[in-house]
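What follows is one structure encoded as structure tokens, with my remarks underneath.
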Amino acid sequence: MKSFDIKTKIYFGDNAMDRVRELPYKRIMIITDKFFSESSLLRIVTQPLSETHKEFRVFNDVVPDPPIDKIVVGVKAVTEYQPDCLIAVGGGSVIDSAKAIREFAVRMYSTAKIALIAIPTTSGTGSEVTAFSVITDPVRQVKYPLVSDSMLPDEAILDEELVKSVPPNVTADTGMDVLTHAIEAYTSINNNEFSAALAEKSIEICGAFLLRAYLDGNDWHARRKMHVASCLAGLAFNSASLGLNHGMAHQLGANFHIPHGRANAMLLPHIIEFNSGINIHSRSQKQYPKQVEKYVSIARLLGLQNFNTITTVRALVNWIQFMNKEMNIPLSISQMGNVSEIEYRGKISQMADAALADGCTATNPKVPTKADVVRIYGELW
Ligand SMILES: NC(=O)c1ccc[n+]([C@@H]2O[C@H](COP(=O)([O-])OP(=O)(O)OC[C@H]3O[C@@H](n4cnc5c(N)ncnc54)[C@H](O)[C@@H]3O)[C@@H](O)[C@H]2O)c1
Ligand SMILES: [Fe+2]
């Protein structure tokens with residue numbers, strides 16, 4: 001038996017931020033990072049709270065790839081302030097932190113129900129509508145995707161105004177994260193008609209608007225579209241889950257601090273080649289595995305209609321490499337220039353074990369062996 005539901009109410013479009021004025025809560029804690037607490041942009045959220053005489057406090061101790069100890073600091077702040085609502089204003093790191101903080105505060109201290117409102121400021125993770133929270137253990141250098149429906153935000157507010165300050169490199173990384181979510185959800189073994197519809201629309205928008213948003217951060221139409229695409233992809237993978245691409249990317253983030261979306265973008269051409277079994281040496285076959293047909297459908301959504309199955313999957317791989325190049329995303333770890341080959345190769349075996357154990361890898365359309373994962377990490381150098 002399968003089921004599909006969207007628990008998070010989504011506010012979007014013109015004047016979406018007016019929802020903040022209507023919030024029925026009395027004591028609010030805003031969870032954010034230093035960038036936002038020091039930026040005038042936070043006023044987009046604090047002003048309506050002040051004007052409606054709400055009591056609020058700002059907690060700004062969130063860092064990228066949130067580590068466990070920062071979650072503990074957040075839990076202490078929440079149990080001390082006793083808010084009835086958390087508003088997470090930030091990228092995936094902030095929203096994931098807020099989810100974990102609320103979860104532990106409620107479970108450990110039997111605190112009364114706390115509402116969670118997610119206001120994303122990157123168009124990337126879709127965390128505003130997912131049951132996932134990715135927390136890093138810096139000592140063991142592992143990223144853990146925690147999954148629980150109880151972590152789903154109650155509401156999400158999408159306002160592209162908050163995304164316009166995102167610099168081009170972060171637009172590129174987070175935008176490729178959106179595309180990877182949609183592609184992995186679409187090819188996941190848990191893919192279903194509902195998640196597929198959401199993923200297809202998200203892929204279509206990425207094809208038309210990601211490069212536009214990268215080239216002109218003030219292109220509000222492209223920004224709005226990508227903000228919606230990010231949420232659609234979040235809904236898709238919340239239902240269908242992800243795959244090996246994310247399982248391997250998490251280890252690159254935990255070990256080398258490669259931004260999450262960038263790690264996904266660099267891996268994506270390799271993972272499509274692995275999952276499809278189609279590489280530059282491939283000859284045509286009478287029958288292809290199911291995921292190959294799905295990659296063909298994805299290519300068509302992007303307007304990459306080509307001669308036959310092999311050339312169409314190749315066109316998809318080429319298009320992703322083209323997007324990476326246009327948006328200055330390195331194609332390999334060596335191109336990044338800040339990781340030594342000895343250090344990288346020394347970590348491959350350990351990263352491969354962690355990638356195979358990562359929850360995302362379980363729904364990959366092709367079951368990878370350790371040798372496969374080691375080879376892909378090696379090719380990524
Ligand atoms: N929960 C999920 O479903 C899910 C899915 C994918 C990834 N993740 C996790 O989310 C995290 C990545 O999130 P992210 O890609 O949104 O990046 P992020 O939240 O780490 O932010 C990246 C940087 O961009 C800055 N930033 C954010 N919004 C900005 C704005 N409007 N203007 C200028 N700068 C801004 C931040 O301050 C930070 O320095 C990773 O930890 C990843 O593992 C979670
Ligand atoms: Fe992601």
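The values are calculated or read from the model by the stated rules, or taken from the named source; none is laboratory data. In this text, all values refer to a predicted model and were calculated from it rather than measured experimentally. Cβ coordinates were reconstructed from backbone atoms using ideal geometry, including for glycine residues, and neighbour counts include every protein chain displayed.
So which residues in the range 179-205 are in contact (Cβ under 8 Å) with a residue 60 or more places away in the chain and buried (at least 22 other Cβ atoms within 10 Å of the Cβ)? Walk me through how you get there before you give the answer.
Quick first cut of the range 179-205, residues in contact (Cβ under 8 Å) with a residue 60 or more places away in the chain only: 179-181, 183-184, 186-192, 194-195, 200, 203-204.
Within the range 179-205, Leu179, Thr180, His181, Ile183, Glu184, Tyr186, Thr187, Ser188, Asn191, Ser195, Ile203 qualify.
Gly303 passes all but one of (1) part of a helix (DSSP H, G or I); (2) more than 30 Å from Phe132 (Cβ to Cβ); (3) touching a residue at least 40 places away in the same chain (Cβ under 8 Å); (4) out of contact with any Phe, Trp or Tyr (no Cβ under 6 Å at 6 or more places or on another chain); which number fails?
In the conditions (1) part of a helix (DSSP H, G or I); (2) more than 30 Å from Phe132 (Cβ to Cβ); (3) touching a residue at least 40 places away in the same chain (Cβ under 8 Å); (4) out of contact with any Phe, Trp or Tyr (no Cβ under 6 Å at 6 or more places or on another chain), Gly303 misses (1) alone.
Please go through the range 135-177 and give me each residue that is within 16 Å of ligand 2 (Cβ to nearest atom) and polar (S, T, N, Q), ordered by number.
The answer is Thr136, Thr171, Thr174.
Conditions tested, residue by residue: (1) out of contact with any helix residue (DSSP H, G or I) (no Cβ under 7 Å at 6 or more places or on another chain); (2) farther than 21 Å from Leu252 by Cα; (3) not aliphatic (A, V, I, L, M).
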{"residue": "Ser110", "(1), (2), (3)": "yes, yes, yes"}
{"residue": "Ala115", "(1), (2), (3)": "yes, yes, no"}
{"residue": "Pro120", "(1), (2), (3)": "no, yes, yes"}
{"residue": "Gly124", "(1), (2), (3)": "no, no, yes"}
{"residue": "Val129", "(1), (2), (3)": "no, yes, no"}
{"residue": "Val139", "(1), (2), (3)": "yes, no, no"}
{"residue": "Leu146", "(1), (2), (3)": "no, no, no"}
{"residue": "Met151", "(1), (2), (3)": "no, yes, no"}
{"residue": "Ala156", "(1), (2), (3)": "no, yes, no"}
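Give the range 316-330 a look and list any residue that's free of Cβ contacts under 8 Å to residues at least 24 places away in the same chain and either closer than 12 Å to Ala172 by Cβ or not assigned by TED's automatic domain parsing to the domain that holds Leu267 (or both), or say none.
Passing the criteria: only Lys325.
What single numbered condition from (1) closer than 24 Å to Asn238 by Cβ; (2) under 20 Å from the mean Cα position of the chain (by Cα) fails to hold for Phe104?
Among (1) closer than 24 Å to Asn238 by Cβ; (2) under 20 Å from the mean Cα position of the chain (by Cα), Phe104 violates only (2).
List the number of the failed condition for Phe104; all other conditions in (1) among the hydrophobic types (A, V, I, L, M, F, W, C); (2) surrounded by 24 or more Cβ atoms within 10 Å (Cβ to Cβ); (3) modelled with pLDDT under 95 hold.
Answer for Phe104: the failing condition is (2).
Hey, among Phe237, Phe274, Phe209, which residue is in a helix (DSSP H, G or I), of a type outside the set (Asp, Glu) and touching a Pro at 6+ places or on another chain (Cβ under 9 Å)? I'd like the intermediate steps shown before the answer.
Details: Phe237 fails: touching a Pro at 6+ places or on another chain (Cβ under 9 Å); Phe209 fails: touching a Pro at 6+ places or on another chain (Cβ under 9 Å).
Among Phe237, Phe274, Phe209, only Phe274 is in a helix (DSSP H, G or I), of a type outside the set (Asp, Glu) and touching a Pro at 6+ places or on another chain (Cβ under 9 Å).
Only residues that are part of a helix (DSSP H, G or I) and not polar (S, T, N, Q): list them for the range 240-250, please.
Residues satisfying the conditions are Ala240, Leu244, His246, Gly247, Met248, Ala249, His250.
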